[in-house]
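Here, each number is a calculation from the coordinates, and none is a lab measurement. Here the structure is a predicted model, which means the values were calculated and not measured. Cβ placement follows ideal geometry from the backbone for every residue including glycine, while neighbour counts extend to all protein chains displayed.
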């Protein structure tokens, strides 16, 4: 499959190759390609087919202007790495989960912008009839400028008809998995929306779900009401919480689409921006008065 359908990058254009993650399924290296940082994945033989599928799906959306899906650059065969053919991606310094676990706090405007970025990337995948199936903060990469990109399409599936549900197998990533998926029922793109709702809870609390005391309803959903009391009395945070609860609906038909979520998050982002402007102006005048 690979190099016949993608750009083959010459070994002479690479330098400073360093392994940054051994990985379970693939080793990940950071390198310089024509002066720019890139990530290189060298796949293990037993799971190579799944990663070839990931590359094929990324090629499917590559021709579109997609800034919120990790960019696939091509294949190469670096002798310093071995393992045969490797695949090259844009380099991002960390994941959203790592950032949420760090002591460096993201502002509300940054968190809403990240949420909107993720929704934009997921919208493009859904337009291409792709269900990601493992959307989580660990699979969201953050660029140096805090722009978020969706990555890891290894478990993604293509649906022939986005209007119909289908069975694709269970991906158990508690607590991010939609209840219909856990129960082994047919599901569709709305299962990704549920997982996005879990990310919104993480962004609201600035903690990965693993670091939070979780509560579940009998329907195996995150009990969002248990989180509500801990949200500060801020209209924008409340609005973001309401978006999260809609995504986490037990009834998959009541969950919003990523297209509508882009609009909702855009409105919240604009409101947060206006509030930040007022706060900055107020701080400026207070400083002058001292």
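The label-point distance for residue 206 and residue 267, in a model that sets each label 7 Å from Cα toward Cβ, rounds to 2.7 nm. Would segment 94-276 count as rounded, prolate or oblate if I go by the C-alpha gyration tensor, calling it rounded below 1.5 in a/c and otherwise prolate when a/b exceeds b/c, oblate otherwise? Prolate, because a/c is 1.5 or more and a/b exceeds b/c. For segment 94-276, the share of DSSP beta bridges that are antiparallel, to the nearest 5, is 100%. Sorted fewest first by neighbouring Cβ atoms within 10 angstrom, 140, 131 come out as 131, 140.
For segment 24-42 versus segment 96-156, the inter-centroid distance based on Cα atoms is 20 Å.
Rounded if a/c is under 1.5, else prolate if a/b is larger than b/c, else oblate: which is segment 13-126, with a ≥ b ≥ c the root eigenvalues of its Cα gyration tensor?
The shape class here is prolate.
Were the residues from residue 250 through residue 36 laid out at 0.36 nm apart, the gain over their Cα-Cα distance would be 72.6 nm.
With neighbour counts taken as other beta-carbon atoms within 10 Å, the residues 61, 147, 235, 193 rank, fewest first, as 235, 147, 61, 193.
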